[in-house]
Amino acid sequence: MEDEGVGGVVEDEKKVLKVISKEEAKYWTDAFPIGNGRLGGMIWAGVYSETINLNDDTLWTGSPGNYTNPDAPKALSEVRKLVDDGNYAEATTAAVKLSGEPSAAYQLVGDINLEFDNTAAAYDATTYQRELDLNTATVKVGYSIGEVEFTREYFASFPDQLIVSKVSANKSGSLSFTVSLNSQLPHRSSVNAQNQIVMERAENDDNSESIKFSAILDLRISDGIGTITVTEDNKIKVVGCDWGVILLAASSSFESPFAKPSDSTKNPTSEALNTLNSVKDFSYEQLYTRHLDDYQKLFHRVSIDLSKTDSEDVTENMVATSERVKSFKTDEDPSLIELLFQYGRYLLISCSRPGTQPANLQGIWNDKVTPPWDGAPHLNINLQMNYWPSLSCNLHECQEPLFDYIESLSVNGTKTATVNYETNGWVAHQVSDIWAKTSPDRGEAVWALWPMGGAWLCTHLWEHYTYTMNKDFLATKAYPLLEGCVSFLLDWLIEGKEGFLQTNPSTSPEHMFTTPDGKPASVSYSTTMDVLIIQEVFFAVVSAAQVLGKGEDDLIKKVVEAQGRLEPTKIGKDGSIMEWAEDFEDPDVHHRHISHLFGLFPGHTITVDKTPDLCTAADVTLNKRGEEGPGWSTTWKAASWARLHNSDHAYRMVKHLFDLVDPENEANYEGGLYSNLFTAHPPFQIDGNFGFSAAIAEMVIQSTVNDIYLLPALPRDKWGSGSVKGLKARGNVTVSVSWNDGGLNEFKLWSPNDNNLEAVESESVTRTIHYDEMSVVAKMLKGTVYTFDKELQFIKTD
């Protein structure tokens with residue numbers, strides 16, 4: 001489906017969006033990321049030597065697992081009895097018997113290394129600049145040595161599945177360098193007859209099973225100028241050329257989450273060679289044009305201007321981005337918020353495209369054999385947050401890998417549910433990996449025992465439908481997965497106190513409480529997040545059934561009956577929303593997770609319009625949690641404050657993220673940004689970048705399938721005049737809005753005319769538009785752009 005600005009692609013030629021550095025990268029989090037969804041590169045941009053770290057999203061440790069525990073039912077009965085008797089500390093200890101094995105770990109391919117022969121003249125540091133241009137998804141480097149100006153360009157092409165580099169000099173014959181491939185993993189390298197460097201995975205020292213990979217480097221240089229020789233150590237040496245173009249193709253032997261690496265029939269070297277052969281007739285310019293056409297169709301759907309400058313700000317594009325982050329606490333430069341918002345969209349396009357793996361804990365970028373938390377997708381916030389901006393920020397295609405992944409989880413999760421819990425349906429827990437692990441993690445129950453991971457993911461299925469109104473997606477992809485998830489939830493719920501259905505055992509992600517007799521515990525029953533997620537999934541499946549004409553199915557009748565028996569969200573004695581079913585003492589009131597506010601954001605059961613008392617309690621809860629926390633926690637809080645229509649607090653959390661992290665002393669930080677604008681836990685976790693983009697979108701536009709709320713949490717004293725074009729509202733409406741002096745100026749609405757998405761009989765859409773105390777009902781024909789003024793009065797159509 002080709003969308004997606006108002007009436008097409010939004011493109012603002014004046015808005016420069018560049019991450020800039022005035023020096024070579026010293027740390028990995030200084031390097032600039034590029035990616036095509038599957039392949040990732042981190043560009044260090046050294047003057048005398050260059051390193052490009054390479055990743056392939058399918059390169060992991062391990063192999064398919066069993067993900068079942070036949071001893072679990074007995075342990076489950078023991079834990080449930082302890083919980084029923086109020087012995088929560090003892091239940092917490094016993095629940096470790098339900099824990100499983102660790103996930104596999106995300107890996108790295110290796111590095112492209114370039115060594116430049118520039119020792120004859122002094123390097124002028126004042127001429128150095130490297131930049132990541134978000135408008136073109138290109139890293140550019142420039143510097144001078146003597147009288148020669150050197151430039152480099154790097155991009156990752158999705159249409160051609162390559163990482164492309166070009167190095168050049170403005171004086172003929174003055175470029176000389178040596179290029180090689182290397183890896184921290186066992187490997188072997190060779191140079192073939194076409195002068196291509198071939199690096200392949202070698203057997204592990206312990207002969208353990210592993211996914212194989214191959215990376216092939218192809219080199220082109222200026223015609224008739226320069227020489228190429230191969231060294232004895234499988235490097236390629238270039239002397240006296242004008243320019244060189246390096247093409248990197250890589251592939252792995254991974255076939256599916258259910259296929260053992262040893263059984264793979266894929267030949268990574270042949271696949272990488274085929275990729276290179278397919279582009280042999282394309283010039284660098286043609287490769288670049290194909291990359292731009294593909295990327296900009298996605299990226300240029302949305303523009304944002306919070307500063308209302310009429311011309312390019314020369315200063316901001318000369319200053320290093322790290323310096324701008326440092327000064328944000330005092331200058332509060334809105335153009336830096338624009339940059340970070342669009343950076344999140346850039347990263348999502350770069351690490352999650354149709355046919356790839358879903359974005360993991362670091363997207364696709366990783367420089368370690370053993371990355372933090374294994375680089376594994378965590379299902380208790382992090383994987384979900386990765387996809388928060390995909391819909392509101394108009395990148396719905398980038399969500400496709402998530403749905404393919406949920407399908408794989410449902411296969412393994414059926415086995416886990418059957419054996420571990422003796423239930424129908426499918427389940428997934430807190431952490432997973434490329435093998436679609438669905439069993440509990442290793443270790444303590446406080447993190448490992450959390451069977452709501454699959455259910456939370458399923459809320460994304462319904463959200464995708466509400467934004468796209470793609471009925472075919474709902475029927476063929478979403479609904480079967482929702483059915484399986486709901487079948488598990490219905491069986492997981494058991495008879496509880498006062499006639500309520502309850503979850504037992506139950507934890508609030510990664511958070512302990514203190515029992516009435518003063519003991520630390522994490523296991524109880526019906527934590528608020530459990531119930532809120534179940535409410536959301538039940539609502540989704542009932543709504544989906546109504547759309548698909550399945551409302552009378554037996555499963556849906558059971559869901560409707562169960563809906564009325566779920567425990568309501570409770571308010572504690574201090575006025576905050578209770579995190580657990582009982583008002584336990586919280587030993588860590590500033591805990592990083594705000595799980596009990598799931599119904600506020602990203603859920604929909606706590607709303608300003610319908611549950612004002614719970615919103616007041618949510619306000620108390622957020623204030624109680626405080627502002628400190630990892631980057632992802634900061635952005636979750638920003639989005640939650642936005643849902644409360646509290647612009648001051650939402651902006652405070654946005655501002656809070658702008659803290660430049662020192663990689664040498666990152667343990668001293670909570671949250672913040674690295675110099676390349678990666679968000680920090682620390683260490684780096686990409687979810688905060690995505691959460692930021694989603695939070696900004698929530699501050700500007702909120703929606704239901706029937707309603708659109710304009711500027712609900714706009715910090716009018718900070719962003720007095722501005723505009724956002726191309727954001728999406730639920731109901732498949734694209735929205736552009738502008739404001740002046742803190743008040744609405746004009747807005748445009750557009751719903752595409754695509755009969756493949758909605759029922760053919762629906763030629764128009766009706767939405768209620770809200771702004772401040774005003775509201776108006778707008779009926780719009782599809783395929784037509786409708787413009788309204790600050791009084792919500794219709795002006796014109798286009």
Problem - Low-density loop positions, trypsin sites (Lys or Arg not before Pro), segment 369-454 - DSSP coil, at most 14 other Cβ in 10 Å - result: 442
Practice task
Express the relative contact order of segment 658-742 as a whole percentage, based on alpha carbon pairs under 8 Å and six or more residues apart in sequence.
Solution key: 17 percent
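So which GluC sites (Glu not before Pro) in segment 620-695 end up in coil per DSSP with only 14 or fewer other C-beta atoms within 10 Å?
Passing sites in segment 620-695 are 628.
Provide the packing ranking of 22-30, 163-171, 789-797, i.e. peptides ordered by the mean count of other C-beta atoms within 10 Å per residue, highest first.
Numbers: 22-30: 17.9, 163-171: 20.3, 789-797: 12.3.
Sorting 22-30, 163-171, 789-797 by mean packing, highest first, produces 163-171, 22-30, 789-797.
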Handout entry: Which labelled figure in [x] 34.0; [y] 58.3; [z] 48.7 is mean projected area of the Cα convex hull in nm², once derived from the coordinates
Key = [x]
Fill in the blank from the handout: For the chain, dividing by residue count, accessible area per residue (probe 1.4 Å) in Å² works out to 36 Å²
Practice task
Would you work out the relative contact order for segment 77-167, in percent, from Cα pairs under 8 angstrom that are 6 or more residues apart?
Solution key: 14 percent
Exercise for the section: Mind checking the full-extension length gain between residue 418 and residue 574? Use 0.36 nm per residue of separation minus the Cα-Cα distance, one decimal, nm. Expected result: 52.1 nm
Problem - Cα centroid separation, segment 20-63 to segment 128-175 (Å) - result: 15 Å
Problem - Heavy-atom accessible surface of segment 604-707: percent carbon and sulfur, 1.4 Å - result: 45 percent
Exercise for the section: Enumerate by residue number the trypsin sites (Lys or Arg not before Pro) in segment 553-614 meeting two conditions: DSSP loop (anything except H, G, I, E, B), and at most 11 other Cβ atoms within 10 Å of the site's Cβ. Expected result: 573, 610
Completion exercise
Summing -39500 (n - 2.57) over every DSSP H run of at least 4 residues in the chain and dividing by its residue count gives a helix-only mean residue ellipticity at 222 nm, to the nearest 500 deg cm²/dmol, of -8500 deg cm²/dmol
Practice task
Run the dipole for segment 510-609 about the Cα centre, Lys and Arg Cβ at +1, Asp and Glu Cβ at -1, nothing else charged, and hand back the magnitude in debye, nearest 20.
Solution key: 240 debye
Exercise for the section: Any of 140/260; 497/610; 437/655; 718/790 with alpha carbons more than 31 Å apart? Name them for me. Expected result: 140/260; 437/655
Completion exercise
Largest-first ranking of 643, 301, 290 by accessible area, probe 1.4 Å, whole protein assembly kept, is 290, 643, 301
Practice task
Report the relative contact order of the chain, percent, no decimals, based on alpha-carbon pairs under 8 angstrom and at least 6 residues apart.
Solution key: 14 percent
Exercise for the section: Step through the residues of segment 573-587 one at a time and calculate ³J(HN,Hα) from phi using the Karplus curve (6.51 cos²θ - 1.76 cosθ + 1.60, θ = phi - 60°), rounding each to whole Hz and writing x for Gly and Pro. Expected result: 5, 8, x, 8, 6, 5, 7, 10, 5, 10, 7, 5, 6, 9, x
Completion exercise
Pairs over 26 Å Cα to Cα, from 97/570; 329/637; 725/782; 519/624, come to 97/570
Practice task
Could you let me know the centre-to-centre spacing of segment 446-525 and segment 638-667, using Cα atoms, in angstrom?
Solution key: 28 Å
Handout entry: Protection proxy ranking of 416-429, 449-462 - average other beta-carbon atoms within 10 Å, highest first
Key = 449-462, 416-429
Handout entry: Cα-centred dipole magnitude for the chain, charges only on beta-carbon of K, R (+1) and D, E (-1), debye, nearest 20
Key = 640 debye
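The values are calculated or read from the model by the stated rules, or taken from the named source; none is laboratory data. Bear in mind the structure is a predicted one, so any value in this text is a computation, not a measurement. Neighbour counts are summed over all protein chains in view; Cβ atoms, including those assigned to glycine, are modelled from backbone coordinates with ideal geometry. Note: accessible area is taken over every heavy atom of the protein model, side chains too, but ligands, DNA and RNA are not part of it. Shrake-Rupley method; radii C 1.70, N 1.55, O 1.52, S 1.80 Å.
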